[in-house]
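Heads up, the thing below is written out as structure tokens.
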Amino acid sequence: MKDFGKYDCIVVGGGPVGAVAARSAARQGAKVLLVERDETPAYPYRCTGIVSPRCLEEAELGGGVVLRNIRGGIIHAPNGRSLRIESKDTRALVIDRRLFHLKLLEMAQESGAEFISRSRVVGLDNQWVLIKRNGLPYRAKTKVIIGADGPKSQVAKWAKLPPPNQLLLGLQATARYEPKRGDFIEVYFDQYLAPGFFAWVVPAEEGIARVGLATYRMKGASSLLKRLMDKLNLKPLRINAGLIPIGPRSRTVEKGVMVVGDAAAQAKPTSGGGLYTGIVAAKIAGQVAANHALAPQDSNGLMIYEKRWREKLGHELSLGIALRRLFGHLSNHELNLIFAILDNKALLNTISTYGDIDYPSSIIKALLQQPKEWLRIWRGLNSKFASSSTPLKPAA
Ligand SMILES: Cc1cc2nc3c(=O)[nH]c(=O)nc-3n(C[C@H](O)[C@H](O)[C@H](O)COP(=O)(O)OP(=O)(O)OC[C@H]3O[C@@H](n4cnc5c(N)ncnc54)[C@H](O)[C@@H]3O)c2cc1C
């Protein structure tokens, strides 16, 4: 077995989150190796590429990767009722996901990280990382390993970290599509179309939309995408699918190993978006790895990563899981009733003003300051569900 060299930190997985972790560690002066299994960037992308402007700031990327500014959304109920949420400002961006990824890899290398693609990490052995490259076995020595190897993380398995709370399946097609409003996305809540989650139509490149759905139902999911495309009368040009782990692992650190991004199941449970949260956590992981490798006597060990990322994101992710438990398993009838309650000018204004795709708690906080609205929602829920034969049930 050939020796690849000695490093302060090896990042397994050169997705967007791994690239940011490598950049962050290299900027602190660590000697970093970033190892990617595929020819990068892999295509097609298993991602819709909807992010907040805040996410681009965290990634330190400018407008060059932005395809569209999104100012609003039309949210459809199963019975066809639709709610329109519109803001004066840009609330989300549709990005060129390939360029976004490429630029992050470039920045990691400019910061000093060494990047190798078509190289699969096949095992960990104490401080050694075992790599298969061009069919040949290599090993590299390191002080810290960052697992950014996505939803099926082997690093997490090798480190015996607990599993994520839930795995969703995301299916997406690109299709020719002319939106009525190029700065709006459309979202469909319907248990028949997207059991347990939602479906979306997101305008992307000129005349093209990303149309997809996420669901907890793994079997027969491709027929769900067909159903959605038929309903919208769209023909898929290209289809891709990917797992979305939600509800973070209860531990993300183990002797010399940290996991981050989808490998840690840090995606937002309410939307499945993992880029913002993964990038925030990757910056922390990179800094902690470098401090630990370069000045172990002054570092608080890797556990500080667990503490710091949970301080920043933990509350929001827990709230997301609670919301999913509450709403994820409602029947279509119950969803229709909830939409009827939400179809109120004052409420929709509050959602438009305070809605934040990274921090859903912002709407709840805003509503808490409007006790009259809470009272209205509460009365609405009581009267609608009392008169309905289906009681509101918590998720399984
Ligand atoms: C259909 C769909 C739509 C989505 N839409 C959005 C969205 O609009 N906005 C958003 O924020 N998020 C979205 N997400 C989620 C988002 O794509 C992920 O959260 C994000 O890509 C996670 O990045 P990552 O770097 O952690 O993992 P990944 O992007 O999965 O990267 C992991 C990398 O590790 C490599 N790897 C794996 N094993 C090894 C190994 N043994 N050795 C070396 N390399 C290895 C893989 O090849 C891969 O390149 C979507 C997901 C899906 C499925």
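The values are calculated or read from the model by the stated rules, or taken from the named source; none is laboratory data. Quick caveat: nothing in here was measured; it's all calculated off a predicted structure. Virtual Cβ from ideal backbone geometry, glycine too; neighbours counted across all protein chains shown.
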Checked against (1) in contact with a strand residue (DSSP E or B) (Cβ under 6 Å, 6 or more places away or on another chain); (2) without any contact (Cβ under 8 Å) to a residue 60 or more places away in the chain; (3) in the same structural domain as Asp262 (by TED's automatic domain parsing), Leu213 satisfies every condition except (3)
Filter the stretch 158-179 for residues that are within 14 Å of the ligand (Cβ to nearest atom) and either among the acidic types (Asp, Glu) or not in a strand (DSSP E or B) (or both); which is surrounded by the fewest Cβ atoms within 10 Å (Cβ to Cβ)?
-> Trp158
Going through the stretch 124-157 one residue at a time, which ones are touching a residue at least 40 places away in the same chain (Cβ under 8 Å), surrounded by fewer than 21 Cβ atoms within 10 Å (Cβ to Cβ), more than 10 Å from the ligand (Cβ to nearest atom) and under 20 Å from Ala282 (Cα atoms)?
-> Lys143
Would you be able to say whether some residue in the stretch 246-254 is over 22 Å from Gly301 (Cα atoms), buried (at least 24 other Cβ atoms within 10 Å of the Cβ) and more than 9 Å from the ligand (Cβ to nearest atom)?
-> yes
Please state which one of Ala59, Ala25, Ala77 is in the same structural domain as Ala214 (by TED's automatic domain parsing) and touching a residue at least 24 places away in the same chain (Cβ under 8 Å).
-> Ala77
Sole miss for Lys312 among (1) among the basic types (Lys, Arg); (2) farther than 17 Å from Val11 by Cβ; (3) touching a residue at least 40 places away in the same chain (Cβ under 8 Å) is condition (3)
Between residues in the stretch 341-370 that are farther than 24 Å from Leu93 by Cα and surrounded by 13 or more Cβ atoms within 10 Å (Cβ to Cβ) and residues that are acidic (Asp, Glu) and modelled with pLDDT of 85 or more, which pairs lie under 9 Å by C-beta distance while being six or more apart or on different chains?
-> none
Might you check whether a residue that is modelled with pLDDT of 90 or more, hydroxyl-bearing (Ser, Thr, Tyr) and assigned to a helix (DSSP H, G or I) occurs anywhere in the stretch 327-348?
-> no
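How many residues does the stretch 218-249 contain that are part of a helix (DSSP H, G or I) and within 23 Å of the chain's Cα centre (by Cα)?
Step one: list which residues in the stretch 218-249 are part of a helix (DSSP H, G or I), which gives 221-232.
With within 23 Å of the chain's Cα centre (by Cα) added as a condition, the list becomes 221-222, 224-225, 228.
Number of matching residues: 5.
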